[in-house]
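Following: one structure in C-alpha coordinates, then a few remarks.
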Amino acid sequence: MIGSIEQINSQSLNAKLLRLRASERQIVSEIISCLSEVDRRRVYLECGYPSLFEYCTRGLGYSESAAFRRIAVARSVRKFPQVLEHLKSGRINLTT
(Lines give C-alpha, C1' and ligand atoms only; values in the text may rest on other atoms or scores of the structure.)
Protein backbone atom coordinates (compact mmCIF):
# COMPACT_ATOMS: atom_id res chain seq x y z
CA MET A 1 0.00 0.00 0.00
CA ILE A 2 2.74 2.46 0.91
CA GLY A 3 4.52 1.77 -2.34
CA SER A 4 1.41 2.65 -4.30
CA ILE A 5 1.01 5.93 -2.41
CA GLU A 6 4.61 6.82 -3.19
CA GLN A 7 3.83 6.43 -6.88
CA ILE A 8 0.88 8.83 -7.15
CA ASN A 9 1.30 12.51 -7.87
CA SER A 10 0.69 15.19 -5.25
CA GLN A 11 -2.68 16.22 -6.65
CA SER A 12 -3.98 12.65 -6.57
CA LEU A 13 -2.57 12.14 -3.09
CA ASN A 14 -4.36 15.27 -1.86
CA ALA A 15 -7.63 14.18 -3.50
CA LYS A 16 -7.32 10.73 -1.89
CA LEU A 17 -6.74 12.26 1.52
CA LEU A 18 -9.77 14.53 1.15
CA ARG A 19 -11.94 11.52 0.26
CA LEU A 20 -10.61 9.57 3.24
CA ARG A 21 -11.24 12.52 5.56
CA ALA A 22 -14.86 12.68 4.40
CA SER A 23 -15.18 8.93 5.03
CA GLU A 24 -13.66 9.37 8.46
CA ARG A 25 -16.33 11.94 9.39
CA GLN A 26 -19.03 9.53 8.21
CA ILE A 27 -17.58 6.70 10.28
CA VAL A 28 -17.25 8.89 13.38
CA SER A 29 -20.88 9.96 13.09
CA GLU A 30 -21.94 6.30 12.78
CA ILE A 31 -19.88 5.38 15.84
CA ILE A 32 -21.50 8.21 17.79
CA SER A 33 -24.94 7.09 16.65
CA CYS A 34 -24.25 3.53 17.78
CA LEU A 35 -22.82 4.67 21.12
CA SER A 36 -25.90 6.77 21.71
CA GLU A 37 -28.09 3.72 21.18
CA VAL A 38 -25.81 1.49 23.28
CA ASP A 39 -26.18 4.06 26.06
CA ARG A 40 -29.96 4.35 25.64
CA ARG A 41 -30.42 0.57 25.75
CA ARG A 42 -27.66 0.09 28.33
CA VAL A 43 -26.13 -2.60 26.13
CA TYR A 44 -22.83 -2.17 27.97
CA LEU A 45 -24.43 -3.94 30.96
CA GLU A 46 -25.28 -6.94 28.78
CA CYS A 47 -21.64 -6.98 27.69
CA GLY A 48 -20.46 -7.11 31.31
CA TYR A 49 -19.39 -3.49 31.78
CA PRO A 50 -20.73 -1.39 34.66
CA SER A 51 -20.76 1.84 32.64
CA LEU A 52 -20.59 3.19 29.13
CA PHE A 53 -17.19 4.65 30.01
CA GLU A 54 -15.84 1.20 30.93
CA TYR A 55 -17.36 -0.22 27.76
CA CYS A 56 -15.61 2.44 25.67
CA THR A 57 -12.23 2.15 27.39
CA ARG A 58 -11.97 -1.55 28.15
CA GLY A 59 -14.33 -2.96 25.53
CA LEU A 60 -13.62 -0.70 22.58
CA GLY A 61 -10.08 0.31 23.49
CA TYR A 62 -10.49 4.08 23.49
CA SER A 63 -8.27 6.20 25.70
CA GLU A 64 -10.05 7.82 28.63
CA SER A 65 -10.13 11.22 26.94
CA ALA A 66 -11.36 9.77 23.63
CA ALA A 67 -14.07 7.81 25.47
CA PHE A 68 -15.18 10.88 27.39
CA ARG A 69 -15.51 12.96 24.21
CA ARG A 70 -17.46 10.27 22.38
CA ILE A 71 -19.80 9.66 25.31
CA ALA A 72 -20.47 13.38 25.71
CA VAL A 73 -21.31 13.73 22.02
CA ALA A 74 -23.36 10.51 21.97
CA ARG A 75 -25.46 11.77 24.85
CA SER A 76 -25.91 15.18 23.25
CA VAL A 77 -27.24 13.48 20.10
CA ARG A 78 -30.32 12.35 21.96
CA LYS A 79 -31.14 15.96 22.81
CA PHE A 80 -29.86 17.47 19.56
CA PRO A 81 -30.08 14.95 16.67
CA GLN A 82 -28.67 17.52 14.22
CA VAL A 83 -25.27 16.98 15.86
CA LEU A 84 -24.82 13.87 13.70
CA GLU A 85 -25.27 15.85 10.50
CA HIS A 86 -22.83 18.48 11.74
CA LEU A 87 -20.29 15.74 12.46
CA LYS A 88 -20.74 14.25 8.98
CA SER A 89 -20.33 17.62 7.29
CA GLY A 90 -17.30 18.59 9.36
CA ARG A 91 -19.07 21.62 10.79
CA ILE A 92 -18.23 20.30 14.25
CA ASN A 93 -15.88 17.64 15.56
CA LEU A 94 -15.67 15.61 18.75
CA THR A 95 -13.89 18.38 20.63
CA THR A 96 -16.26 21.24 19.79
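Taking residue 17 as the residue in question, decide whether it is within 27 Å of residue 73 (Cβ to Cβ) and open to solvent by 60 Å² or more (accessible area, probe 1.4 Å). Yes: the conditions hold for residue 17. Cβ-Cβ distances below 9 Å connect the following pairs, each with a first residue in the range 18-32 that is on the phi < 0 side of the Ramachandran plot, a second residue that is open to solvent by 100 Å² or more (accessible area, probe 1.4 Å), and a separation of six or more residues or different chains: 29/85. Does residue 92 satisfy the criteria of being modelled with pLDDT of 95 or more, open to solvent by less than 60 Å² (accessible area, probe 1.4 Å), over 30 Å from residue 6 (Cβ atoms) and not hydroxyl-bearing (Ser, Thr, Tyr)? The answer is no for residue 92.
Conditions tested, residue by residue: (1) over 20 Å from residue 77 (Cβ atoms); (2) in contact with a Ser or Thr (Cβ under 9 Å, 6 or more places away or on another chain); (3) among the charged types (D, E, K, R); (4) open to solvent by 80 Å² or more (accessible area, probe 1.4 Å).
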{"position": "30", "(1), (2), (3), (4)": "no, no, yes, yes"}
{"position": "35", "(1), (2), (3), (4)": "no, no, no, no"}
{"position": "43", "(1), (2), (3), (4)": "no, no, no, no"}
{"position": "50", "(1), (2), (3), (4)": "yes, no, no, yes"}
{"position": "56", "(1), (2), (3), (4)": "no, no, no, no"}
{"position": "60", "(1), (2), (3), (4)": "no, no, no, yes"}
{"position": "63", "(1), (2), (3), (4)": "yes, yes, no, no"}
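Scanning the range 73-89 for residues that are under 12 Å from the mean Cα position of the chain (by Cα) and open to solvent by 40 Å² or more (accessible area, probe 1.4 Å) yields a single hit, 88.
Flag: residue 43 matches the condition of being free of Cβ contacts under 8 Å to residues at least 60 places away in the same chain, farther than 19 Å from residue 94 by Cβ and hydrophobic (A, V, I, L, M, F, W, C). Only one of the numbered conditions (1) under 18 Å from the mean Cα position of the chain (by Cα); (2) hydroxyl-bearing (Ser, Thr, Tyr); (3) open to solvent by 50 Å² or more (accessible area, probe 1.4 Å) is violated by residue 4, and that is (1). Restricted to helices (runs of 4 or more DSSP H) entirely inside the range 1-87, those with at least 3 residues that are modelled with pLDDT of 95 or more are 10-41, 43-46, 64-79.
The values are calculated or read from the model by the stated rules, or taken from the named source; none is laboratory data. Note that the structure is predicted; figures quoted are calculated from it, not measured. A quick note on method: Cβ atoms are made from the backbone with ideal geometry, for glycine too, and the neighbour counts reach across all protein chains shown. Each accessible area value is taken on the protein alone, full model and side chains, heavy atoms only, with ligands, DNA and RNA left out. Shrake-Rupley method; radii C 1.70, N 1.55, O 1.52, S 1.80 Å.
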